[in-house]
Amino acid sequence: MAGSVCIPVLSGHRCGSSAVAGVLFHLGVHMGDVLLGGSRWNLGGHFEDKAFVDLHKRIVGDWRDPTPNPEPYRAQYRALVRSREQRALWGVKDPRLAFVFPLLIQCARGELRPICVSRDIQDAAASMIARGEQSRNADIRVGPRGLEIAWMYERKIAHILYLWQESALHVQFENLTDDPAGTVGMIADYVGVPVTRAAVASVRPEWRHDWRGSGKRDGDTTQLQATGQHSAHRGGAAVAG
């Protein structure tokens, strides 16, 4: 549908993108036909479209050492985007999208309104390291490379925005948890939908932890209700473009 609007969520790992995607979900944005379930580190769910995530894995390879190769999957990706564009308003969230965004631009016929989510880089890195250390899943272990990987995604997204040169909404995770109502209002205005109580209530201030010495489990989770489907100023978000 040429008139459809897509909200791509661009973010590094452990930066609060699940919280922002959850807000979009509760604002009525279609985040996918089949969403990935929760995990110990993201109890409420990731709000990630399984079809996109599966395809992104094949395109990007290991998320810790991405080697994007989109060409063999271009037709399949275009078909998936076309299927989502049957809806007037839809979104896609997956940290690997930082390395696939150019392909999304090429395949989309409708409008793209990216949201970039950032978090204190040290906290994001510490969260990645702690998650890996406490998991039996070798695919999420980063060892001592947490900060290196966090910076890699941060720089990739900055490069994307430089090339994009159109409007994008920048949301700081700390601002979202400090001022849920104000930041959700900014997101709703940018998307072009009214604020809902469910969207504001989906954000929990206790999610924000300083991992550097706190020893607490990260709160980068979003509650999925059964009834519902980088720069930013403090207390809100800023549109750049």
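The values are calculated or read from the model by the stated rules, or taken from the named source; none is laboratory data. Everything numeric here is computed off the predicted structure, so don't read it as measured data. Positions of Cβ are generated from backbone atoms using ideal geometry, with glycine treated the same way; all protein chains shown enter the neighbour counts.
Quick check on my filter: what residues within the stretch 49-74 are among the hydrophobic types (A, V, I, L, M, F, W, C) and out of contact with any strand residue (DSSP E or B) (no Cβ under 8 Å at 6 or more places or on another chain)? Write out each step before concluding.
In the first step, residues of the stretch 49-74 are kept if they are among the hydrophobic types (A, V, I, L, M, F, W, C); the result is 51-53, 55, 59-60, 63.
Passing the criteria: Ala51, Val53, Leu55, Ile59, Val60, Trp63.
Where in the stretch 128-221 are the helices (runs of 4 or more DSSP H), entirely inside, with at least 3 residues that are under 19 Å from the mean Cα position of the chain (by Cα) and either modelled with pLDDT under 90 or more than 29 Å from Asp65 (Cβ to Cβ) (or both)?
Once the helices (runs of 4 or more DSSP H) in the stretch 128-221 are filtered for at least 3 residues that are under 19 Å from the mean Cα position of the chain (by Cα) and either modelled with pLDDT under 90 or more than 29 Å from Asp65 (Cβ to Cβ) (or both), what remains is 173-178, 180-191, 197-201.
So which residues in the stretch 94-127 are β-branched (Val, Ile, Thr) and closer than 29 Å to Ala75 by Cα? Give the steps one after another, and end with the answer.
Filtering the stretch 94-127 for residues β-branched (Val, Ile, Thr) gives 100, 105, 115, 117, 121.
Once the filter is applied, which keeps residues that are β-branched (Val, Ile, Thr) and closer than 29 Å to Ala75 by Cα, the stretch 94-127 yields Val100, Ile105, Ile115, Val117.
Take the residues in the stretch 99-109 that are of a type in the set (A, V, I, L, M) and within 22 Å of Phe25 (Cβ to Cβ), then tell me which one is surrounded by the most Cβ atoms within 10 Å (Cβ to Cβ).
Selected residue: Val100.
List the pairs whose first member sits in the stretch 95-123 and is under 18 Å from Ala51 (Cα atoms), whose second member is of a type in the set (Phe, Trp, Tyr), and whose Cβ atoms are under 7 Å apart, counting only residues at least 6 apart or on separate chains?
Qualifying pairs under 7 Å: Pro95/Trp63; Pro95/Tyr153; Arg96/Trp63; Ala98/Tyr153; Leu103/Tyr77; Cys107/Tyr77.
Can you list residue pairs whose Cβ atoms sit under 8 Å apart, with the first residue in the stretch 69-82 being at pLDDT 95 or above and the second being small (Gly, Ala, Ser)? Count only pairs 6 or more apart in sequence or on different chains.
Asn69/Gly61; Leu80/Ala51; Val81/Ala108
Quick one: how many residues across the stretch 78-98 are buried (at least 21 other Cβ atoms within 10 Å of the Cβ) and within 29 Å of Val142 (Cβ to Cβ)?
Final tally of qualifying residues: 8.
Considering the stretch 42-57 alone, what residues qualify as being surrounded by fewer than 21 Cβ atoms within 10 Å (Cβ to Cβ) and modelled with pLDDT under 95?
Scanning the stretch 42-57 gives Leu43, Gly44, Gly45.
Answer yes or no: is there a residue in the stretch 96-114 that is assigned to a loop (DSSP other than H, G, I, E, B) and under 26 Å from Pro180 (Cα atoms).
Yes, the conditions are met somewhere in the stretch 96-114.
Can you tell me which condition Ser18 does not meet? The list is (1) under 12 Å from Pro95 (Cβ atoms); (2) at pLDDT 95 or above; (3) in a helix (DSSP H, G or I), and all the others hold.
(2)
How about the stretch 67-117: which of its residues are among the charged types (D, E, K, R) and in contact with a Phe, Trp or Tyr (Cβ under 9 Å, 6 or more places away or on another chain)?
Those that are among the charged types (D, E, K, R) and in contact with a Phe, Trp or Tyr (Cβ under 9 Å, 6 or more places away or on another chain): Arg84, Lys93, Asp94, Arg96, Arg113.
Report whether or not Arg40 is of a type in the set (Lys, Arg), under 17 Å from the mean Cα position of the chain (by Cα) and at negative phi.
It is false that Arg40 is of a type in the set (Lys, Arg), under 17 Å from the mean Cα position of the chain (by Cα) and at negative phi.
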